[in-house]
Amino acid sequence: MPQAKTFFTAEQQQELIHAIRNAELETSGEIRLHLEESCGDDVLDRAADVFRKLEMHKTELRNGVLIYLAVKDRQFAIIGDVGINEKVPENFWDEIKDDMVLHFKQGNYIRGLLNAIETSGIQLKHYFPRSAGDINEMSDEISFRND
């Protein structure tokens, strides 16, 4: 299995970045994608650690979303900041996770992530519509583990 940085081709990485930019057009929410080889014991703990390291908790409305993928472990997580979790129903991420699992099981990781990014943007728009003065607070680039 390829390493995290080469898991997707350069073209696919650009497609994912473009999807993030499009998803953020109508919401003040911030979406990040992080890939690494392995997550260790607990994927949610590792995703929360990455969330902090990327300083996603520093958005003005606390409305950052991290889509985390450990490619060798074949594990993933979607986590949102406190601003999102205070407003959305408990099962807010379930539809996105279920769709990702469906595509990932077929080996179609790019489609699973593209759908997750698009759906996240649509759902965030409802709770965090883009305002006139909204700025992009987080990089749209894919991040990779730098250990």
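Values in this text are rule-based calculations from the coordinates and carry no lab data. If you're wondering where the values come from, they're calculated on a predicted model, not measured in any experiment. All Cβ positions, glycine included, derive from the backbone under ideal geometry; neighbour counts span all protein chains shown.
The GNM of the chain, with springs linking C-alpha atoms under 10 angstrom apart, assigns the highest mean-square fluctuation among F92, F51, F76 to F92.
Compared with the dominant principal axis of the Cα atoms in the chain, helix 43-53 is inclined by about 60°.
Dividing the Cα radius of gyration of segment 25-147 by its Kirkwood radius returns 0.94 for Rg/Rh. Around the Cα centre of the chain, unit charges on the Cβ atoms of Lys, Arg, Asp and Glu (plus for the first two, minus for the last two) sum to a dipole of about 180 debye. For the peptides 13-19, 61-67, 116-122, the ranking by packing is 61-67, 116-122, 13-19, with the highest mean count of neighbouring Cβ atoms within 10 Å listed first. So what does the Cα-only Debye profile of segment 55-94 read at q = 0.24 Å⁻¹, as log10 I(q)/I(0), no solvent term? So the normalised log intensities are -0.80.
Comparing K105, K72, K97 in a Gaussian network model of the chain, where Cα atoms under 10 Å apart are tied by springs, the biggest mean-square fluctuation is seen for K105. Ranked by the mean number of other Cβ atoms within 10 Å of their residues, highest first, the peptides 133-145, 31-43 fall in the order 31-43, 133-145. Taking θ as phi - 60° and the Karplus parameters 6.51, -1.76 and 1.60, the scalar couplings of segment 78-85 work out to 10, 10, x, 6, 4, x, 6, 5 Hz in sequence order, x denoting glycine and proline.
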